[in-house]
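**Q** Have a look at this one.
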Ligand SMILES: [Ca+2]
């Protein structure tokens, strides 16, 4: 109790000295503030005996808990709470007098805290939260989603950092979106930040990890590194076999994206369909455009689906320490017959070979591919992400070695899209790190938290926004210094309506036009000749 009181007095003194230094306060006014401070201190001690409601305690903290470095500590138990949300103190390790709990996913639940931001700029948030399991929720500032927090699930409180959040001067309501619910919020610390340093854009890898990468692939990698931190390449996925999205963007903006996104979904052998995207990519490349491919890989056996919940394919049964990456399919069949590898292992290799044939056709047509296989693995919703990080890493290495050393594909720039640091495959096994983000409709934020998270996986790799719903506002990318190497809007409803015209459901047309015509955004017409 005594310690808290002393803290408040210290904060007040620092604020007063700050304004004296700025010539805002005279000694007479300081005496008046000192008197008010003494009263505040009494209130703050009352708070700890439970005599003052949490809202008046918040008011005191609001005017006092700010020091010279603009640090504001919000104890969650002092927040405004409704519905099932309430303060508690059963989980050990909290700060202050407890924490907020009862995030039961009911619509009547809410938690918020009002702070006053002294000047517009970038602030760093540290969110202390805990749960018995892995849980995720979002923090908002004046209604804007500033980043996702997750618990470690070890029953303890842990800190999550959301760095470089831009806040306007004045009142700011800090709140949250429950997401998965069932977590405890201990405190939120807001400090004046430095913003994102431009140093992070320097010294990233500009040479492909494959030492035999062809000339065009090397040129593209170098180009991406040169523009990283300065400009963003525009990108657009198209619905398989069609060009509706890129045509609609051209009609609305007078520009085509620099990168077009394709997918090997219908080349998966288990569904026996005819893919069309290889030919479209060759056409696009002839126009001077860059190509990226993902692969919604229908499981090779059991139920042919790519969502974990729809297939019973268990790829962990494929994992082997036998050296299989460079073996021919015939040799692997012999190993299967002898019981040295499993059917799962054999069929995974067969599928890799089928997709490698398509990539070989692209290589023969001088198409370099920003290759983003095994995407969004850390989320576990796809079968390749359903068996944990170590099995995923085994599969990634197999894919890399088989495609690079056995199929000798030298036209690939490898994009890691596991979306978690502990799933990272390593600096020797990828060229670029990609994150996929689907913000709320018309939310044009640059998504600095996810960007910095991804930068943190390695520190040596270019980071790209490999899938997005809403297109981020280029002005906010510049303001926050969050220069994704490229963005790549997902297809169909995320950009066009049923008639093939621009849909404004996610990104308004005015924003699309602004972004595509910005001198900070590279479009097809601005790409150099890589051939
Ligand atoms: Ca607390």
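**Q** Collect the residues in the stretch 94-120 that are within 10 Å of the ligand (Cβ to nearest atom) and outside any strand (DSSP E or B), keeping them in residue-number order.
**A** The answer is 94, 95, 96, 97, 98.
**Q** Can you name the condition, by its number, that residue 285 falls short on among (1) more than 28 Å from the chain's Cα centre (by Cα); (2) surrounded by fewer than 20 Cβ atoms within 10 Å (Cβ to Cβ); (3) farther than 19 Å from residue 375 by Cα?
**A** Condition (2) is where residue 285 drops out.
**Q** Right, something else. Name the single residue that is farthest from residue 114 (Cα to Cα) among those in the stretch 74-87 being outside any loop (DSSP other than H, G, I, E, B) and near the ligand (Cβ under 10 Å from one of its atoms).
**A** 87
**Q** Can residue 418 be described as in contact (Cβ under 8 Å) with a residue 12 or more places away in the chain and surrounded by 19 or more Cβ atoms within 10 Å (Cβ to Cβ)?
**A** So residue 418 fits the description; yes.
**Q** What number of residues within the stretch 203-235 satisfy the criterion of being closer than 24 Å to residue 526 by Cα, assigned to a loop (DSSP other than H, G, I, E, B), over 23 Å from the mean Cα position of the chain (by Cα) and free of Cβ contacts under 8 Å to residues at least 24 places away in the same chain?
**A** 1
**Q** Related question: If a residue must be more than 16 Å from the ligand (Cβ to nearest atom) and either farther than 17 Å from residue 449 by Cα or not in a strand (DSSP E or B) (or both), how many such residues does the stretch 121-142 contain?
**A** 5
**Q** Next question. Checking the condition touching a residue at least 12 places away in the same chain (Cβ under 8 Å), over 18 Å from residue 70 (Cβ atoms), away from the ligand (no atom under 16 Å from the Cβ) and not in a loop (DSSP other than H, G, I, E, B), which residue from 186, 145, 171 passes?
**A** The match here is 145.
**Q** OK, next. Provide a single number: the residues in the stretch 438-452 that are buried (at least 22 other Cβ atoms within 10 Å of the Cβ) and within 10 Å of the chain's Cα centre (by Cα).
**A** Residues that pass the stated criteria total 4.
**Q** Report, ordered by the first and then the second residue, all pairs with beta carbons closer than 7 Å, sequence separation of six or more or different chains, a first member in the stretch 91-107 that is on the phi > 0 side of the Ramachandran plot, and a second member that is in a loop (DSSP other than H, G, I, E, B) and near the ligand (Cβ under 10 Å from one of its atoms).
**A** Close Cβ pairs satisfying both conditions: 98/89.
**Q** Please tell me if residue 325 is in the same structural domain as residue 408 (by TED's automatic domain parsing) and buried (at least 21 other Cβ atoms within 10 Å of the Cβ).
**A** In short, no.
**Q** Could you tell me whether any residue of the stretch 190-202 is within 16 Å of the ligand (Cβ to nearest atom) and either without any contact (Cβ under 8 Å) to a residue 12 or more places away in the chain or surrounded by 17 or more Cβ atoms within 10 Å (Cβ to Cβ) (or both)?
**A** Taking every residue of the stretch 190-202 in turn, at least one turns out to be within 16 Å of the ligand (Cβ to nearest atom) and either without any contact (Cβ under 8 Å) to a residue 12 or more places away in the chain or surrounded by 17 or more Cβ atoms within 10 Å (Cβ to Cβ) (or both).
**Q** Quick one: is residue 61 within 16 Å of the ligand (Cβ to nearest atom), modelled with pLDDT under 95 and not in a loop (DSSP other than H, G, I, E, B)?
**A** So residue 61 passes the test.
**Q** Which one of these is surrounded by 17 or more Cβ atoms within 10 Å (Cβ to Cβ) and in the same structural domain as residue 509 (by TED's automatic domain parsing): 274, 236?
**A** 236
**Q** Looking only at the stretch 224-233, decide whether some residue is within 30 Å of residue 84 (Cα to Cα) and in contact with a helix residue (DSSP H, G or I) (Cβ under 9 Å, 6 or more places away or on another chain).
**A** No, the conditions are met nowhere in the stretch 224-233.
**Q** Answer with yes or no whether residue 448 is in contact with a helix residue (DSSP H, G or I) (Cβ under 7 Å, 6 or more places away or on another chain), closer than 30 Å to residue 512 by Cα and touching a residue at least 40 places away in the same chain (Cβ under 8 Å).
**A** yes
**Q** Quick one: count up the residues across the stretch 241-271 that are surrounded by 18 or more Cβ atoms within 10 Å (Cβ to Cβ) and in a loop (DSSP other than H, G, I, E, B).
**A** The number of residues fulfilling the criteria is 5.
**Q** Which count do you get for residues in the stretch 89-114 that are in contact with a helix residue (DSSP H, G or I) (Cβ under 8 Å, 6 or more places away or on another chain) and farther than 13 Å from residue 76 by Cβ?
**A** Summing the residues that are in contact with a helix residue (DSSP H, G or I) (Cβ under 8 Å, 6 or more places away or on another chain) and farther than 13 Å from residue 76 by Cβ in the stretch 89-114 gives 1.
Yes or no, residue by residue, for (1) modelled with pLDDT under 95; (2) within 22 Å of residue 454 (Cα to Cα); (3) in contact with a helix residue (DSSP H, G or I) (Cβ under 7 Å, 6 or more places away or on another chain); (4) not assigned by TED's automatic domain parsing to the domain that holds residue 471:
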site: 177; (1), (2), (3), (4): no, no, no, yes
site: 210; (1), (2), (3), (4): no, yes, yes, no
site: 252; (1), (2), (3), (4): no, no, yes, no
site: 263; (1), (2), (3), (4): no, no, yes, no
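The values are calculated or read from the model by the stated rules, or taken from the named source; none is laboratory data. Being a predicted model, the structure only gives us computed values, none of them experimental. Positions of Cβ are generated from backbone atoms using ideal geometry, with glycine treated the same way; all protein chains shown enter the neighbour counts.
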